[in-house]
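The values are calculated or read from the model by the stated rules, or taken from the named source; none is laboratory data. Because the structure is a prediction, the values reported are computed rather than measured. Neighbour counts are summed over all protein chains in view; Cβ atoms, including those assigned to glycine, are modelled from backbone coordinates with ideal geometry.
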Amino acid sequence: MTDELDNELFSTSPGSAGRAPSAEGGREEPDESQVAAQRVFDLAREGRTAELSSLIDAGLPADATNDSGDTLLLLAAHHDHPDTVAALLAHGADPDRANEHGHTALAAAVLNQSVTSVEALLAAGADPQAGAPSAQAVARQSENAEMVALFKGTSA
């Protein structure tokens, strides 16, 4: 069921914004700024915490978003990198910021059954009811008792 939810809930493929036609038969090639932005989001996807933290320390917003509205935090949670999630939260990333589809980092962490990321997000004030579907709804849909139990005592 996790694969079905993953496919339905979270699409993190890069878009075509910032691409220009190439000289080869009209195929689009990414421009330099698009390539640089893609590399930043790849750091979150790959859990390259130290490199991402260095960029944030140098001025990259901790809540930077791609063309789908995916934040660095959502991507780190979606790709199951709890250390990167913790670092982004420490840098001030908004734990409730949703992408254009209403998906949050907390729902992504629940989907990946990452207890460490869920606990870090809850400790940072993430709302289990935020987003569409909410993290609590994802936990119930996955029928994962451990994930459901993490929300005991939170506002429902």
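Within region 63-92, the set of residues being of a type in the set (A, V, I, L, M, F, W, C) and surrounded by fewer than 24 Cβ atoms within 10 Å (Cβ to Cβ) comprises 64, 86, 87, 89, 90.
Pairs under 6 Å by beta carbon, first residue within 15 Å of residue 85 (Cα to Cα) in region 57-71, partner of a type in the set (A, V, I, L, M), six or more apart or different chains? Filtered contacts from region 57-71: 62/56; 62/88; 62/93; 63/93; 64/72. Filtering 107, 93 for residues that are touching a strand residue (DSSP E or B) at 6+ places or on another chain (Cβ under 7 Å), at pLDDT 95 or above and within 19 Å of residue 47 (Cβ to Cβ) leaves a single hit, 93.
Do we find a residue being modelled with pLDDT of 95 or more, basic (Lys, Arg) and either under 22 Å from residue 119 (Cβ atoms) or not in a helix (DSSP H, G or I) (or both) anywhere in region 4-19? Outline the logic, then answer.
We begin by selecting, within region 4-19, every residue modelled with pLDDT of 95 or more; these are none.
No, that holds for no residue.
With respect to (1) farther than 22 Å from residue 134 by Cβ; (2) touching a helix residue (DSSP H, G or I) at 6+ places or on another chain (Cβ under 6 Å); (3) not in a helix (DSSP H, G or I), the lone exception for residue 83 is condition (3).
Filtered by the rule that a residue be in contact with a Phe, Trp or Tyr (Cβ under 7 Å, 6 or more places away or on another chain), within 19 Å of residue 125 (Cα to Cα) and assigned to a loop (DSSP other than H, G, I, E, B), region 57-80 gives no residues.
Taken as a whole, the structure places residue 54 among residues that are without any contact (Cβ under 8 Å) to a residue 60 or more places away in the chain, of a type in the set (Ser, Thr, Tyr) and under 22 Å from residue 117 (Cα atoms).
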